[in-house]
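What follows is one structure encoded as structure tokens, with my remarks underneath.
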Amino acid sequence: MNESRKKANKKWDSQNMKTLGVKLRKEIVEQFYEYAKAHDTTAHKLIKDFVYERAAEMEEKKESV
């Protein structure tokens, strides 16, 4: 990827994206990683899917009111 594309991506990300972080006990995180691996996915994907699903539920509730 060339430098101008990287710069454009970084600008777009800064305007449209936000990072969600969470601190958890080490043993909980390890259990979650094991769960993800056992289900042939990643912890990142599980968390991302969960957030998107909850956001969609909230949108549905807004539309039904």
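The values are calculated or read from the model by the stated rules, or taken from the named source; none is laboratory data. Fair warning: this is a prediction, and the values are worked out from it, not measured in the lab. Note that we place each Cβ from the backbone using ideal geometry, even for glycine, and neighbour counts take in every protein chain shown. For accessibility, only protein heavy atoms count, side chains too; no ligands or nucleic acids. Shrake-Rupley method; radii C 1.70, N 1.55, O 1.52, S 1.80 Å.
Can you give me the number of residues within the range 14-39 that are part of a loop (DSSP other than H, G, I, E, B) and over 17 Å from the mean Cα position of the chain (by Cα)?
The number of residues fulfilling the criteria is 2.
With respect to Ala36, determine if the residue is open to solvent by less than 100 Å² (accessible area, probe 1.4 Å), modelled with pLDDT of 95 or more and touching a helix residue (DSSP H, G or I) at 6+ places or on another chain (Cβ under 7 Å).
Here the answer is yes, as Ala36 does meet what is asked.
Going through Leu24, Leu20, Leu46 one at a time, which residue ends up being open to solvent by 100 Å² or more (accessible area, probe 1.4 Å), in contact (Cβ under 8 Å) with a residue 12 or more places away in the chain and of a type in the set (A, V, I, L, M)?
On inspection, the qualifying residue turns out to be Leu20.
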